Amino acid sequence: MTAIRVRGNIHYALAVLILAVSAGLMQAAKSYGWLIVIKKALLIRKPLTDMDRGCLAPFEYVGLQRLPPEVEGELGTEEYLNWIIDLPALDKPWRGRCFLSVTYFTGKQDRLPHVAEECMHQSGYAKERDDELTMELAGIGETIPVRRLRFAPRRQTGSRMYVYYVICVNHDFYAGRTGARIRMANDEETHLYHCKVEISFQGVDDTKLGEVDERAQDVFDKAIAELVRSHWPLRGWEKGGPPVE
């Protein structure tokens with residue numbers, strides 16, 4: 001009986017140890033975004049193709065770029081926009097053009113928007129600089145983190161480019177995919193969307209970088225305010241979804 005009792009105690013201890021280790025691994029998986037909790041889709045309230053082109057005023061909408069069907073298929077969503085924006089001098093000395101890109105995903109939790117680090121590398125550019133900034137957006141009353149990267153063509157056949165981007169996950173903002181992935185694993189929410197907002201400038205003189213940062217902040221402020229106002233699901237819908245009409 002003593003030997004049986006000892007074996008039973010050993011088995012019990014092993015079971016407790018396995019449960020403890022499993023719980024720890026599950027918690028780590030959730031914390032680091034390894035565990036995918038399946039969420040329901042949160043459809044955009046208004047298509048990005050219908051976004052108000054005057055929302056960036058006094059900046060001026062110049063035109064748009066649509067992706068070829070094969071590239072659109074690789075992107076994994078039809079909810080996107082690529083605008084060319086003219087930035088007149090106004091009360092600030094720097095003027096020029098920028099490209100505004102917005103990409104919206106839902107119902108595909110295993111995907112995150114293609115980020116500039118990958119896309120620019122595939123386009124023949126090398127990353128020269130990688131910074132994280134904070135920008136105050138008066139339009140939504142928040143300060144958000146923003147990724148700023150500088151790229152140079154590997155073959156020296158073009159000009160340097162600065163790219164700024166932020167990823168929004170259920171109304172929270174992240175300057176990279178790691179934080180966004182962890183946020184996506186929140187098991188208290190039933191629904192999920194994520195959206196990348198990106199601004200790029202070509203031919204930037206580094207001595208004017210502070211002025212370009214200000215212009216990027218202005219564009220983010222106006223664009224994200226319009227996205228929150230008219231396009232993104234309302235805050236609170238991530239728990240239970242939108243109300244039934």
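Highest mean packing comes first when the peptides 163-169, 128-134 are listed by Cβ atoms within 10 Å, giving 163-169, 128-134. Here the spin labels are modelled as points 7 Å beyond Cα on the Cα-Cβ line, and at HIS114 and ASN82 they lie 0.9 nm apart.
Only the coordinates and a few stated rules stand behind these numbers; no lab work does. All values reported here derive from a predicted model rather than from experimental measurement. All Cβ positions, glycine included, derive from the backbone under ideal geometry; neighbour counts span all protein chains shown.
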